[in-house]
Amino acid sequence: MSETPRILVVDDDERIRSTVRRGLVYEGYRVVEAASGEEGLEKAREHLPDLVILDIMLPGIDGLEVCRRLRAGGGELAILMLTARDEVKDRVTGLETGADDYLVKPFSFEELLARVHALLRRRAAPAGEILHFGDLELDVDAREARRDGRPIELTTTEYNLLLLFMRHPRKVLTRDVIMDRVWSYDFGGESNVLEVYVRYLRNKLEAERGSRLIHTVRGAGYVLKE
């Protein structure tokens, strides 16, 4: 399954957020909005975006601190600073803080879109990518998993679920995030499809007395950890 990239737009100017959101949605992206630094960090935890478009001058926690915290969380997140500060020292500060690119307001949506495309291409899985977590490895190109050298046969859904965990190790993933990223639609609050597939995956990973890697966090979700 090819997953539609999710973009988080963090800006306290509602007109800019609306303009950027409409344009990106038209281009086929999934967009989440936030109006402050605190809300941006919360939405990033909830939705695991692939790219963040981040204003620097935000109420409360500013964009530079948001960028630092996002980078401290690890992962393959791309960050595009979008700000009215246009001096060279400001651009250098933004890039040194962890931003991948820097666009000055006012801007054309065409240029913003081109930079978004470039950042997402850069963040795409490289050829031959193999993810590792302990004695578990996942060959992204071949869609093959091994644990301690033992091959593990996975269905498409099991593979997509394991890939999500492997891309976000040691992070608690909520039920809503997993359902959205793996199935891309809502089965309804009463469905136990997630629990069923977590059980399938655990059975395969833990065969031959393998230790548990996918843990339940009561009231929160699931986490891949030792």
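Odds and ends about this structure:
- Take the chain and mark each of the chymotrypsin sites (Phe, Trp or Tyr not before Pro) that is in a DSSP loop with at most 16 other Cβ atoms within 10 Å; the longest unmarked stretch, sites excluded, is 1-106.
- Kirkwood hydrodynamic radius over Cα pairs of the stretch 68-184, then Stokes diffusion coefficient at 4 °C and 1.567 mPa s, in µm²/s: 77 µm²/s
- For the chain, the longest site-free run once trypsin sites (Lys or Arg not before Pro) in DSSP loop states with at most 13 other Cβ atoms within 10 Å are removed: 1-142
- When the helices of the chain are scored as -39500 (n - 2.57) per DSSP H run of n ≥ 4 and the total is divided over every residue, the value at 222 nm lands at -12000 deg cm²/dmol.
- Net lengthening on full extension, VAL92/GLU42 (0.36 nm per residue, minus Cα-Cα): 15.4 nm
- Computed over the stretch 6-123, the ratio Rg/Rh where both radii use C-alpha atoms and Rh is Kirkwood: 0.91
- The mean of 1/r over all distinct Cα pairs in the stretch 138-226, once inverted, gives the Kirkwood hydrodynamic radius of 13.5 Å.
- 9 Å beta-carbon shell around ILE56, net charge (K/R +1, D/E -1): -2
- Solvent-free Debye calculation, one equal scatterer per alpha-carbon of the chain: log10 I(q)/I(0) at 0.08, 0.10, 0.14 Å⁻¹ equals -0.33, -0.51, -0.92.
- Taking Cα centre as origin and charging only the Cβ of basic (Lys, Arg, +1) and acidic (Asp, Glu, -1) residues, the dipole magnitude of the chain rounds to 520 debye.
We did not get these values from a lab; they are worked out from the coordinates using the rules stated. Model, not experiment: these values are computed from the prediction. FYI the Cβ positions are ideal-geometry reconstructions off the backbone, even for glycines, and counts take in every protein chain you see.
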